[in-house]
1. I need every pair where a residue in segment 207-221 that is farther than 18 Å from MET355 by Cβ has its Cβ under 7 Å from the Cβ of a residue that is at pLDDT 75 or above and of a type in the set (S, T, N, Q), sequence separation at least 6 or different chains.
2. Quick one: TYR94 ticks every box in (1) in contact (Cβ under 8 Å) with a residue 60 or more places away in the chain; (2) among the hydroxyl-bearing types (Ser, Thr, Tyr); (3) farther than 20 Å from CYS288 by Cα except a single one, so which number is it?
3. Check TYR38, TYR12 and return the single one that is surrounded by 19 or more Cβ atoms within 10 Å (Cβ to Cβ) and either in a helix (DSSP H, G or I) or in contact with a helix residue (DSSP H, G or I) (Cβ under 9 Å, 6 or more places away or on another chain) (or both).
4. Going by what's in this entry, would ALA260 be described as over 30 Å from GLU345 (Cα atoms), surrounded by fewer than 16 Cβ atoms within 10 Å (Cβ to Cβ) and among the hydrophobic types (A, V, I, L, M, F, W, C)?
5. Can you confirm whether segment 373-380 contains a residue that is at pLDDT below 90, touching a His at 6+ places or on another chain (Cβ under 7 Å) and assigned by the TED database to the domain that holds LEU297?
6. Regarding ALA28, is this residue free of Cβ contacts under 8 Å to residues at least 40 places away in the same chain, among the small types (Gly, Ala, Ser), over 18 Å from ILE353 (Cβ atoms) and not in a helix (DSSP H, G or I)?
7. Filter segment 269-287 down to residues that are free of Cβ contacts under 8 Å to residues at least 60 places away in the same chain and surrounded by fewer than 16 Cβ atoms within 10 Å (Cβ to Cβ) and give me whichever is nearest to ASP340 (Cα to Cα).
Amino acid sequence: MMKRFAFRKVAYFGGLTVVLGICAAAFAMSLPTLIVTYCIIIGIGQGIIFPATSLAMNTYFRRKRNIAMGFSVTMTGLGPILMPLLIDVLLENYATTGTLLILAGIATHSLVGASLLKPFEEREKVSSRGLSFHFQRLILANEVTDVSGKRNGARIEATSDEEAEPRNDSFQCRLMNEETVSEERRQSSVRLENGKAEPEERTSILKRIATNLDLDLLRDNRYLAIVLGMSISLVAEVNFNAMIPFVLAELTSLDRTSIATVMSIQAAADITGRLCVPLLAQKAGWTCRNLYLISLLGSTFGRTILSTWGNSYVVVIVVSLIVGVAKGTKAVFQALIIPDYVPLERLPAASGIQMVCNGILSISVGPIIGVVHDVKNSYVGALYFTSFLSMSCVFLWMISGLWTSCGKLLRLPRRGLPVE
């Protein structure tokens, strides 16, 4: 979709899909209907919105991309903190169906946000069209008026540089058009001399699919290392964040109130990391990949301390601070690693491949963490296994040469994106 439509239209479609999914889920009366409406329709809408907003973010911001993404991720992180309070109030007054319909109305505001995603190239194209029309008028005027070269040259000398410059551009454009026409005529004459037209190359269905999905990216070993490393570490971090309350209840024997306090401290550290770390990275010139790996190391360090010295409440508070800052840092820079590596016009395909890999590894590797917990009959083994998954990303990137002080771009054919 990102190759056929501009990111604003894609964001419109994704937002509308989410709204329709929430409205349909409000009237779901069975589990299969709820799976179709909530899991499938809303999931498809969110999957459509993400590449569009990611491309828009990376199109609008170049130098201060870290800060912009930090603010965006911070505002997104405030949702899980504020929305439960709102949903609690809505459920008391409007029940489940009314609450979902109100949430659908709130989600409708995404269409307003999508309307603001206006590409910059549109203005440039309009101006270029106006200039090309002006050049064509100048060319026609030069061809119709049969004035001697001396008088025309004297008139050009009398004019200013701004008036003389379009004439030179129009002359160059005319030469380029004449060369293009002559080249096309020469090629057509060669075809006619051969006596038959050249047969068009017929591409197979698989070739067309590979071209549309831009699967040539899979030929780059470093891109594969980035995708695999991020997907494996994402599985580890997501499952660890889901296990934190159970880990605290088992290892530290904390009550429900103390666990809620620890989770609140971690959430505060998460928000702080999302706001402060991008500002420090912008001033220090740190790369996204380095900060992402540092966040994985910090999270692994916190899990190791928790599994070894988790009996002390002070240690648990310190670990929650470390893990929270690492989580916030990872949330910001994991969305910038792919845009830092691939060209902008290939970003939608690269992000799509990464999301597919995330889904596959989440389904395949995620249950293994539960198996490790069941075999060891403790969350300590699960913590060590998640640390092993996170460190595998670090080792994979070190072997691939991705842990460097400066980013590199893929040297692949650049393909343009449609603009409204």
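1. ASN221/SER400
2. Against the list (1) in contact (Cβ under 8 Å) with a residue 60 or more places away in the chain; (2) among the hydroxyl-bearing types (Ser, Thr, Tyr); (3) farther than 20 Å from CYS288 by Cα, TYR94 comes up short only on (1).
3. TYR12
4. The answer is yes for ALA260.
5. yes
6. So ALA28 fits the description; yes.
7. Only one residue fits best here, namely GLY285.
Condition check ((1) touching a strand residue (DSSP E or B) at 6+ places or on another chain (Cβ under 6 Å); (2) of a type in the set (Val, Ile, Thr); (3) more than 27 Å from GLN282 (Cα to Cα)) across all residues:
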{"position": "ILE44", "(1), (2), (3)": "no, yes, yes"}
{"position": "PRO51", "(1), (2), (3)": "no, no, no"}
{"position": "ARG63", "(1), (2), (3)": "no, no, no"}
{"position": "VAL73", "(1), (2), (3)": "no, yes, no"}
{"position": "LEU82", "(1), (2), (3)": "no, no, yes"}
{"position": "TYR94", "(1), (2), (3)": "no, no, yes"}
{"position": "LEU100", "(1), (2), (3)": "no, no, yes"}
{"position": "ILE106", "(1), (2), (3)": "no, yes, yes"}
{"position": "LEU111", "(1), (2), (3)": "no, no, yes"}
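The values are calculated or read from the model by the stated rules, or taken from the named source; none is laboratory data. Only a predicted model underlies this, so the values are computations on that prediction, with no experimental measurement involved. Every residue, glycine as well, gets a Cβ built from its backbone with ideal geometry; the counts of neighbours run over all protein chains shown.
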